[in-house]
Amino acid sequence: MGVFRLAGSHLAAVLALGGWLAGTAAAQQPQVGAQSKAAASDQTQASEPSGTPSGINIGNYNVQSSIEAGWRYSDFTGNQANYDTFVNLQQGARLLDFSLDVHSLNHNGGLFDQLSVTGFGFGGDPNDVARLRMSKNNWYNFDATYRRDKYFFGYNLLANPLNPASSIPAVPVTFALHLFDYTRQMADFRLLLLPQARFHLRLGYNHILEGGPSFSTIGASITPVSEPGADTFFTQSYRTSTDIYSAGLDFNFLPRTTFSYDQVVQRFKQELAAADRNFAYQLSNGAPVDLGVVFNAPPTPCAHPGPPANNNFCNGYLSYTRGGKPRGTMPTERFTFKSSYFRNLTMAGQISYSSGTDTVGDLLETWTGNATRTLAQGTTDGGRAKAKRVLVDGDWAAVYDVTSKFRIADTFNENDFRLPGFYNLAVTNLFPQFSAGGPNMTLPPGQFNPTSCPGPSFTAPTCPQHNGSSSPDAANGSRLRYLGQKLRTNTFQLEYDFKPSFGARLGFRYLKRKVYDFDALLYNQEIFYPGGKTGAAAAARGDCALVDPTLPFSQANLPDGCVLQTSGPLAGAIIFSGLTPDSDTQHNLMANINGYSGLFGLWAHPSKSFRTEFDLELFSADQSYTRITPRQLQRYFVHATYTPVGWAQVDSSISIIENRDNVVEVQDKEHNRNYNFSTTLIPNERFAFDLAYSYSDIFTQAVDCFAVSPSAPFGANSCPIADSPVSLGALSVYQDTGHFANADIMWKPVKQITFNLGYAGNFVRGSTNFLSLTAPGGIPFLNARTPYGPLRFNYHRPYVSLTWAMTDHLAYRAAWGYYGYDERSPADPATLAPLGTQNFNGNNMTLSARYTF
């Protein structure tokens, strides 16, 4: 609502201005046409397009305005969600464009000398913008902007499990599991006081409000994704608001030197709520159940899952919720300077410091259902999280002109940050009663109390049942995270102009990067209730697993820190006290990277019509922090511009990046190559022609490790990554080539008619061996039936428009645009449950009228 109030204040200001101008007009006769042109300021006349009206004079102001409104007709076939993802232009009335410009004739206005209001897109388009600019000579400059963006994403092949048609039942996923549909509204205000004085004051405020419904998936945090039926999707709604307050001073107490100081405070808050509402099946007692979205064959999630009746022993969700309210504050101080005070030396630099805190005081996640591997039937996980952000950023740059031809340039940058955080958690887990056939979701969880689970054997069917993979019944501890970096770079370059038309530069860049990453889950107390076919011994699991499983269950056979309770309400349980890390999450990584770059460049313009430049960088580092961070990199860039005559220009460029991380366990090789060409012809005001073409070539390969069936004969394909939790390694490859072409013609056969015709097309052909990799022996471990999806597609966008300037003030416009998306792979591979087409064809016709004065 804050953004709407701000936007409303903009509108109120414009209406008030209109009323004030109308009152002034009533007292003074407006001058129109030629008289208005004579009275307008030189600046206004110089900016006017030829043949357009110059507005009217009202008192001491010249006023010009325009508005374009119309109706868009929209018609499409194919995938609605993909059309909304790519285009999202719908049918209806639209305020396509509007503007109001008010200029003082002698820079001696009342409240302002210049005022401008512009905007476009209102009435239903996904992007709306309105901007207000006001200024008073020698006193102030004011700028206010309101933006509204509608974002929709519904591409259903992202995270799609691609269920086989042979599953029982065959469940196709024909919607986006990670769909989101949210709106972002932004209001920005800037005020500069005394802009021509030696002392300036700047004030600013930004408000960002965004939110909406979305889908997401979950599996690993409750039950492992390797379990059939473990993954499911849930709906979530969130609302995020950010307020940024800023104040700054600019002062010039030295010649040709400006110093600035800024203080910025950013406040962030979010409301998040998520819940599982995907209950398409039901248990034998009629209770709704979510079996997830992954249906494999073989095995199916469970035998004969229905609907309507479902096997009560399947993996499934009876409920899932998650919520929290993150809050954060980040103040920042920044000092900036620019100076050419010293002869032949130009310098600029800045240093900033930020230190803020993010908190979540009410994080809570709950789940009930059935996980056959761990025997869990319910989990509650909640607590308080807090993270601190400390950032120091600075840079300094200087250019010294040794002679008129020779320059020395140096740039130094430093970026240091620290992100320590913790999550104090409390977890409870529920486990099932004993039931023939396994954990039964129709029965309530087992209870550990003298009535339901009597000792000393704790073998009653109503006891909570456990196995060796079961988590503690209750636990509390802390999740500790820390990420820090110190990054320093220095770039030194020598530049020399051999001739007025030819020059070169030679440089060297040094990089020093230290990264420290720590993550640990520490339990300070865990409680293990007894229960199960083995009686009290079932309490010995996790951190308190028996030292020697062949010996009898006793205190002497438990690890240090695990105490068997012999009396009281927890008699028979094991309590662990003390900090013990979870080996699955703990890591402590540090990287100390030194990098070096050689830089070389040439520029030349041998004639007034031709200019070219060439840049080269050769980089090498002794380490890499991530697997795809290059240890060797080559960057090449060539750009040329040719202007044979004043109305024609040809532009072309080549950009090539090659990088490597050639250690045995990574074998990363990548390249990104782009070739661009464009030409523009404007021989006169009645004809213009643009043509552009781009070609891209992307390639990457790296060793990846995959989880497969334990029975797969891994052999020589073992994973080369140390401490990897999976065993199979293979060289994964991705490559992609793309062609983009664009052409546009503007033709005015007569002064009143403007004709535009154009086309833009994107053609992509990519591939990856993710689609066909198999383990030794022919056992597929990745889905070989995966559609190519966005790896291969054609996207066409022809368009045409006709504008008729009926008078100097009124013009009519008709425009047509086509959007055609065509994926170059089968929509429904024969072995998959039907997915439906991803393609769409959309036609948009817009009829509008534009009035200008």
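As for the stretch 123-134, it holds no residue that is at negative phi, small (Gly, Ala, Ser) and not in a strand (DSSP E or B). Before we move on, is Arg797 at pLDDT 95 or above, basic (Lys, Arg), over 27 Å from the mean Cα position of the chain (by Cα) and closer than 30 Å to Arg686 by Cα? No: the conditions fail for Arg797. The single residue among Ser167, Ser99 that is among the polar types (S, T, N, Q) and in a strand (DSSP E or B) turns out to be Ser99.
A Cβ distance below 7 Å, combined with a sequence gap of six or more or placement on separate chains, defines the contacts here; from the stretch 662-676, residues that are at positive phi reach residues that are among the hydrophobic types (A, V, I, L, M, F, W, C) and open to solvent by less than 60 Å² (accessible area, probe 1.4 Å) in the pairs Gln667/Ala702; Gln667/Val703.
The residue that is most open to solvent (accessible area, probe 1.4 Å), among those in the stretch 517-540 that are part of a loop (DSSP other than H, G, I, E, B) and either at pLDDT below 85 or over 14 Å from Gly572 (Cβ atoms) (or both), is Lys533.
Please verify whether the stretch 371-387 includes one or more residues that are part of a loop (DSSP other than H, G, I, E, B), open to solvent by 40 Å² or more (accessible area, probe 1.4 Å) and basic (Lys, Arg).
Our first condition is that a residue be part of a loop (DSSP other than H, G, I, E, B); within the stretch 371-387, this holds for 372-375.
Within this subset, residues satisfying the condition of being open to solvent by 40 Å² or more (accessible area, probe 1.4 Å) are 372-373.
Within this subset, residues satisfying the condition of being basic (Lys, Arg) are 373.
Within the stretch 371-387, one or more residues are part of a loop (DSSP other than H, G, I, E, B), open to solvent by 40 Å² or more (accessible area, probe 1.4 Å) and basic (Lys, Arg).
Of all residues in the stretch 488-517, those that are in contact (Cβ under 8 Å) with a residue 24 or more places away in the chain and out of contact with any Gly (no Cβ under 9 Å at 6 or more places or on another chain) total 5. Go through the residues of the stretch 770-789 one by one and say whether even a single one is at positive phi, buried (at least 16 other Cβ atoms within 10 Å of the Cβ) and modelled with pLDDT of 85 or more. Yes, some residue in the stretch 770-789 is at positive phi, buried (at least 16 other Cβ atoms within 10 Å of the Cβ) and modelled with pLDDT of 85 or more.
Considering (1) touching a Pro at 6+ places or on another chain (Cβ under 9 Å); (2) crowded, with 19+ Cβ neighbours inside 10 Å, the lone condition that Tyr140 does not fulfil carries the number (2). Among the numbered conditions (1) assigned to a loop (DSSP other than H, G, I, E, B); (2) open to solvent by less than 30 Å² (accessible area, probe 1.4 Å); (3) free of Cβ contacts under 8 Å to residues at least 60 places away in the same chain, the only one that Gly349 does not meet is (1). Residues in the stretch 617-639 that are surrounded by fewer than 16 Cβ atoms within 10 Å (Cβ to Cβ) and of a type in the set (A, V, I, L, M, F, W, C): Leu618, Ile628.
Look at Ala604 and say whether it is touching a residue at least 60 places away in the same chain (Cβ under 8 Å), open to solvent by less than 60 Å² (accessible area, probe 1.4 Å), within 29 Å of the chain's Cα centre (by Cα) and on the phi < 0 side of the Ramachandran plot.
Numbers: touching a residue at least 60 places away in the same chain (Cβ under 8 Å): yes; open to solvent by less than 60 Å² (accessible area, probe 1.4 Å): yes; within 29 Å of the chain's Cα centre (by Cα): no; on the phi < 0 side of the Ramachandran plot: yes.
It is false that Ala604 is touching a residue at least 60 places away in the same chain (Cβ under 8 Å), open to solvent by less than 60 Å² (accessible area, probe 1.4 Å), within 29 Å of the chain's Cα centre (by Cα) and on the phi < 0 side of the Ramachandran plot.
In a residue-by-residue description of the stretch 172-182, the property of being among the hydroxyl-bearing types (Ser, Thr, Tyr), within 30 Å of Pro826 (Cα to Cα) and open to solvent by less than 50 Å² (accessible area, probe 1.4 Å) applies to no position. Pairing residues of the stretch 254-275 that are hydrophobic (A, V, I, L, M, F, W, C) with residues that are not in a strand (DSSP E or B), at Cβ distances under 8 Å and at least 6 apart in sequence or on separate chains, gives Leu254/Tyr341; Phe259/Asn252; Phe259/Phe253; Leu272/Lys325.
Let me spell it out: the conditions are (1) part of a strand (DSSP E or B); (2) closer than 30 Å to Leu494 by Cα; (3) modelled with pLDDT under 95, and Thr580 meets all of them except one. Which number is the exception? Only one criterion is unmet by Thr580, namely (2). Taking into account only those residues within the stretch 541-577 that are assigned to a loop (DSSP other than H, G, I, E, B) and over 19 Å from Ser457 (Cα atoms), which is most open to solvent (accessible area, probe 1.4 Å)? Top of the filtered list is Asp560. Among the residues of the stretch 131-190, those that are touching a Lys or Arg at 6+ places or on another chain (Cβ under 6 Å) and without any contact (Cβ under 8 Å) to a residue 40 or more places away in the chain comprise Asp149, Thr183.
If you go through the stretch 468-484 and keep only what is surrounded by 16 or more Cβ atoms within 10 Å (Cβ to Cβ) and touching a Lys or Arg at 6+ places or on another chain (Cβ under 7 Å), you end up with Ser470, Gly484. Could you tell me which of the residues Ser470, Ser457 is more than 46 Å from the chain's Cα centre (by Cα), part of a loop (DSSP other than H, G, I, E, B) and among the hydroxyl-bearing types (Ser, Thr, Tyr)? Only one candidate qualifies: Ser457.
Could you check the stretch 353-372 and list, in sequence order, the residues that are in contact (Cβ under 8 Å) with a residue 60 or more places away in the chain and touching a Leu at 6+ places or on another chain (Cβ under 7 Å)? Show your work before the answer.
Restricting attention to the stretch 353-372, the residues satisfying the condition of being in contact (Cβ under 8 Å) with a residue 60 or more places away in the chain are 356, 358, 363, 365, 367-372.
Result: Thr368, Gly369.
None of Ser501, Ser457, Ser435 is modelled with pLDDT of 90 or more and surrounded by fewer than 17 Cβ atoms within 10 Å (Cβ to Cβ) except Ser501. Residues in the stretch 91-122 that are over 14 Å from Thr145 (Cα atoms), in contact with a strand residue (DSSP E or B) (Cβ under 8 Å, 6 or more places away or on another chain), among the small types (Gly, Ala, Ser) and open to solvent by 20 Å² or more (accessible area, probe 1.4 Å): how many? Number of matching residues: 1. Which numbered condition trips up Tyr510, out of (1) modelled with pLDDT under 90; (2) within 30 Å of Ala409 (Cβ to Cβ); (3) among the hydroxyl-bearing types (Ser, Thr, Tyr)? Failing condition for Tyr510: (1).
The values are calculated or read from the model by the stated rules, or taken from the named source; none is laboratory data. What you are looking at is a predicted structure, and each value in this text was computed from that prediction instead of being measured. As a convention, Cβ positions derive from the backbone with ideal geometry for all residues, glycine included, and neighbour counts pool all protein chains shown. Accessible surface is based on the protein model in full, side chains and every heavy atom, while ligands, DNA and RNA are left aside. Shrake-Rupley method; radii C 1.70, N 1.55, O 1.52, S 1.80 Å.
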